Amino acid sequence: MANRTTWSAVAIGLLLAIGLIAVYYPQLAPALGSAPSLSAGDEFTYITDLDFWQRTPRERAVLATSRFDLGHDLNDVPMEVGPWKGVDDPETNREVMILLEPEQYVQRLYDDDQGRYLWLTMVGGRSSQPFHAPDICYDADGWQYDLGSHATALEDGGEIYGLWLHGKKLFEGDTVPEEHVVYYFYLFPDEQRNQADGIVLFKTTSARFGTLEETLAMHEAFVREFFRKAGAPAELAQALP
Amino acid sequence: MLPAVCSRLFSTRDDSGRSWLLRSGGILVLPAILCVILASCVAPAVTGGSCDLDPAPAGDEAAIRAVIEAEGHYVVTQQIDALMALWTESAFVANAKNTPDTADDDQFWREKDAIRHRYVRTVFPGAPAAAAPADLEIRIDGNRAEVTATTRIGAEVAPAGDRWVLAKSGQCWFLESLTYNLEAQQP
């Protein structure tokens, strides 16, 4: 009888322990040090998000093919990626630099083998000053626009999110409005997201080629050339060699 | 250890031939229930919209009114996560630009990411001290409702300038769209 009571107690204890572990493991794992995290030392690994002020549900860790942090020169980002070939197209409006005071500002014009083109703008800074949301500028310049978000699926799995802006403006003397499609997101060197560690805005701008969806697909294909894989920060850290 | 316990659980039989597991069923129910209760404590509850508000509003009209009032309150207190919990995934915000009869010039923030962006980058920087809707006209049609409101954001007053559309999911009312600047511009 005593033997059976012992076994009952052991069985109940085991079941409770299994239940507790199953239920609370997600919360306990980080404290136990079993969830790896990304750090600035991880090669080509960054945090992306739609905003730099607060984390959004779209925050992802991403494995890049180039360096997108202020510890490196953004000019080293390749000029040729996939079917795209780029040339430097520096910002000539001095007011932009005076207003934003970026630590790094790189602007290029890329075109592909189908004759399509887009501008890549990379803005780096260590405060909020260089990062005016594009819609604020388009609004101030009298453009009509819609705004939404778009996911870029990456070759090796996962997706990163960017905000898109579809702007239209009828310039004097024109009969057809000029249209811009902008797609952008922010990159941080690690999960801490300290502004002092540097933030990089990755922004692509083009005319509309086909529909808005087709144009966003073009931007997505371009972005895919620079980023390979994405996921939750702990997931991606786990996958790193 | 574990295999031994399992072996005892499933193979030990008494003189009548009944397994130990069956005889111990009554005892095992308790930990099983405990496990289920613990699991339900951390399982995501299907809430949001009016169901997240405290105190919980009673009745459809009260819930709709409470959601719109909560939106104004959370704008003032800049509680972005609480704000976003009020909206459906496919929601939109539109600026009618004071030309209610012309859709071409409307400006859209489509889906929640864009709505969040609008709050953070356009609405919050204005630091509105008060954003209370007034003169609510509520029309409920099944699981959908349309509300016309006058919004006061600080010193700005827009008489009947806002149109909210809400949808009911389960027992919870959510914001599906907001169209503002509906009041026609005076010539």
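Some points to look at:
Table: residues versus (1) touching a Ser or Thr at 6+ places or on another chain (Cβ under 8 Å); (2) polar (S, T, N, Q); (3) away from chain B (no Cβ under 14 Å).
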| site | (1), (2), (3) |
| --- | --- |
| A:Val106 | yes, no, yes |
| A:Leu109 | no, no, yes |
| A:Arg116 | yes, no, yes |
| A:Ser128 | no, yes, no |
| A:His132 | no, no, no |
| A:Trp143 | no, no, no |
| A:Asp146 | no, no, no |
| A:Ser149 | no, yes, no |
| A:Thr152 | no, yes, no |
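- Test result for A:Glu91, among the charged types (D, E, K, R), surrounded by fewer than 17 Cβ atoms within 10 Å (Cβ to Cβ) and in a loop (DSSP other than H, G, I, E, B): yes
- Search result, residues across segment B:119-147 that are within 14 Å of another protein chain (Cβ to nearest Cβ) and of a type in the set (D, E, K, R): B:Arg121
- Residue count for segment B:101-118, restricted to those that are in contact with a Lys or Arg (Cβ under 9 Å, 6 or more places away or on another chain) and either more than 8 Å from every other protein chain (Cβ to nearest Cβ) or acidic (Asp, Glu) (or both): 3
- Residues (closer than 19 Å to B:Asp135 by Cα and out of contact with any Gly (no Cβ under 8 Å at 6 or more places or on another chain)) located in segment B:64-74: B:Ile64, B:Arg65, B:Ala66, B:Ile68, B:Glu69, B:Ala70, B:Glu71, B:Gly72, B:His73
- Strands (runs of 3 or more DSSP E) lying entirely in segment A:132-207 (those with 3 or more residues that are closer than 20 Å to B:Ile115 by Cβ): A:144-153, A:159-169, A:178-188
- When residues of segment A:104-144 are limited to those that are at pLDDT 95 or above and farther than 25 Å from A:Trp84 by Cβ, the one surrounded by the most Cβ atoms within 10 Å (Cβ to Cβ): A:Gly125
- Qualifying strands (runs of 3 or more DSSP E) (wholly inside segment B:77-187; at least 1 residues being modelled with pLDDT of 90 or more, surrounded by 19 or more Cβ atoms within 10 Å (Cβ to Cβ) and assigned by TED's automatic domain parsing to the domain that holds B:Val67): B:87-95, B:107-110, B:144-153, B:156-169, B:172-180
The values are calculated or read from the model by the stated rules, or taken from the named source; none is laboratory data. Source: prediction; values computed, not measured. Glycine also receives a Cβ, built like all others from the backbone with ideal geometry; neighbour counts cover every protein chain displayed.
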